[in-house]
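Please read the structure below before turning to the comments.
The values are calculated or read from the model by the stated rules, or taken from the named source; none is laboratory data. Since this is a predicted model, take the numbers as computed values, not measurements. Using ideal geometry, Cβ is built from the backbone for each residue, glycine included, and neighbour counts are taken over all protein chains shown.
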Amino acid sequence: MMSEFETILLSIEDGVATITVNRPDKRNALNAAVRREIGSALDQIRDDTNVRVVVFTGAGEKAFIAGADIGEFTQRTPLEQRAVMSGAVVFETIAEFPKPTIAMINGFALGGGCELAIACDLRIAAYSARLGQPEIKLGIIPGGGGTQRLPRMIGPGQAMRLILTGELISAEEAARIGLVDLVVEDAELVPRTMDIARTMAQHSPVAVQLAKNAIRAALETPLSAGLRYERELFITAFASDDKREGISAFLEKRTPNFRGQ
């Protein structure tokens, strides 16, 4: 299945929706149209039972998303920029999306591109990928969650280093500090990412969403509150048809048929 957009591509196969930023001549830079269309695509697939996992990537081999479209910043006043950032924010939409999200990083992931990857649940990068938050070199700071999500992910020291120097790092170093979860050979990026996505898509959508909610809560709540929340979600899973199907399939030694109910 394919849907038509101007700046992105949306395809759905085997329970996995792939959203590809399609501006290779601009290194897939995030402009207003890209952000708007990503939001529209996510709205379209949010309640689509044929979609269980979402993968983000960039067209071509050079860039995942090489940051914001700097040309848009040239003539904006502070008030105009505030108005732009007061509307729906694509990074928040991705971070709060109920289904698992994977960033398939196939090149430069800089600035807003790095922030989009950070907003996803999982980051898989090719060895040739490069990541960073170089906004400081333009006299600005990250504005899509970089100063908030990055310290929680890699620690305040590493976040300070990346943001205050603006340096780019390799995929291997990104994995070492926890910015990337898996690094693979360039030729293996697509098949390995899709294999992981399809594996997630085969599981109970109910259990997957509950597990995702519980893990996300661990980043924002004290341990005692998180443990209570986990127990409540565990009990919630017991009310699902998927739980009954999963237990029956295990006892009957067959593959479960999860329906997300």
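Does the stretch 139-151 contain at least one residue that is more than 21 Å from L30 (Cα to Cα) and surrounded by fewer than 20 Cβ atoms within 10 Å (Cβ to Cβ)? First the steps, then the outcome.
Start the filter on the stretch 139-151 by keeping residues that are more than 21 Å from L30 (Cα to Cα), which leaves 151.
Restricting the remaining residues to those that are surrounded by fewer than 20 Cβ atoms within 10 Å (Cβ to Cβ) gives 151.
The answer is yes, given that some residue of the stretch 139-151 is more than 21 Å from L30 (Cα to Cα) and surrounded by fewer than 20 Cβ atoms within 10 Å (Cβ to Cβ).
Run R228 past the list (1) touching a residue at least 12 places away in the same chain (Cβ under 8 Å); (2) under 28 Å from the mean Cα position of the chain (by Cα) and report the number of the one that doesn't hold.
Among (1) touching a residue at least 12 places away in the same chain (Cβ under 8 Å); (2) under 28 Å from the mean Cα position of the chain (by Cα), the lone unmet condition for R228 is (1).
Any residue at all in the stretch 92-99 that is closer than 17 Å to V21 by Cα and in contact with a helix residue (DSSP H, G or I) (Cβ under 9 Å, 6 or more places away or on another chain)?
We begin by selecting, within the stretch 92-99, every residue closer than 17 Å to V21 by Cα; these are 93-94.
Next, only the ones that are in contact with a helix residue (DSSP H, G or I) (Cβ under 9 Å, 6 or more places away or on another chain) stay: 93-94.
Yes, that holds for at least one residue.
Can you name every residue in the stretch 220-252 that is among the charged types (D, E, K, R), at pLDDT 85 or above and either in a loop (DSSP other than H, G, I, E, B) or in contact with a strand residue (DSSP E or B) (Cβ under 6 Å, 6 or more places away or on another chain) (or both)?
Scanning the stretch 220-252 gives a single hit, E220.
Could you look through the stretch 117-148, keep only residues that are among the basic types (K, R) and at pLDDT 95 or above, and pick out the one that is nearest to D195 (Cα to Cα)? Before the answer, list the steps.
If we filter the stretch 117-148 for residues that are among the basic types (K, R), which is where we start, we get 123, 130, 137.
This time we only want the ones that are at pLDDT 95 or above, so: 123, 130.
Details: R123: 14, R130: 23 Å.
Of everything passing the filter in the stretch 117-148, R123 is nearest to D195 (Cα to Cα).
Might you check whether a residue that is part of a loop (DSSP other than H, G, I, E, B), among the small types (G, A, S), modelled with pLDDT of 90 or more and touching a helix residue (DSSP H, G or I) at 6+ places or on another chain (Cβ under 8 Å) occurs anywhere in the stretch 64-77? Let's see the steps before the verdict.
Taking the stretch 64-77 first, the residues part of a loop (DSSP other than H, G, I, E, B) are 66-67, 69, 74-77.
Adding the requirement that they be among the small types (G, A, S) leaves 66-67.
In the following step, the residues that additionally are modelled with pLDDT of 90 or more were identified as none.
No, the stretch 64-77 contains no residue that is part of a loop (DSSP other than H, G, I, E, B), among the small types (G, A, S), modelled with pLDDT of 90 or more and touching a helix residue (DSSP H, G or I) at 6+ places or on another chain (Cβ under 8 Å).
Pairs only if they're at least six apart or on different chains, beta carbon under 7 angstrom, first in the stretch 163-178 and assigned by TED's automatic domain parsing to the domain that holds L131 and touching a residue at least 24 places away in the same chain (Cβ under 8 Å), second part of a helix (DSSP H, G or I) and polar (S, T, N, Q); list them, first residue then second.
I163/T147
Kindly provide the set of residues from the stretch 203-261 that are crowded, with 16+ Cβ neighbours inside 10 Å, small (G, A, S) and farther than 27 Å from R152 by Cβ, ordered by number.
S204, S240, G246
Which count do you get for residues in the stretch 43-68 that are more than 25 Å from A129 (Cα to Cα) and either under 16 Å from the mean Cα position of the chain (by Cα) or in contact (Cβ under 8 Å) with a residue 12 or more places away in the chain (or both)? Explain how you work it out, then say what you get.
As a first pass, look at the stretch 43-68 and keep what is more than 25 Å from A129 (Cα to Cα): 43-52.
Okay, now just the ones that are also either under 16 Å from the mean Cα position of the chain (by Cα) or in contact (Cβ under 8 Å) with a residue 12 or more places away in the chain (or both), so 43-46, 48-52.
Final tally of qualifying residues: 9.
Any chance you could count how many residues in the stretch 1-30 are part of a loop (DSSP other than H, G, I, E, B) and closer than 13 Å to L42 by Cα?
Residues of the stretch 1-30 that are part of a loop (DSSP other than H, G, I, E, B), as a first pass: 1, 4-7, 14-15, 22-23, 27-29.
Filter again for closer than 13 Å to L42 by Cα, leaving 5.
The number of residues fulfilling the criteria is 1.
In contact with a helix residue (DSSP H, G or I) (Cβ under 9 Å, 6 or more places away or on another chain), surrounded by 15 or more Cβ atoms within 10 Å (Cβ to Cβ) and within 22 Å of Q209 (Cβ to Cβ), is that true of F5? Please lay out each step first, then the result.
Details: in contact with a helix residue (DSSP H, G or I) (Cβ under 9 Å, 6 or more places away or on another chain): yes; surrounded by 15 or more Cβ atoms within 10 Å (Cβ to Cβ): yes; within 22 Å of Q209 (Cβ to Cβ): no.
Considered against the rule, which asks whether it is in contact with a helix residue (DSSP H, G or I) (Cβ under 9 Å, 6 or more places away or on another chain), surrounded by 15 or more Cβ atoms within 10 Å (Cβ to Cβ) and within 22 Å of Q209 (Cβ to Cβ), F5 comes out as no.
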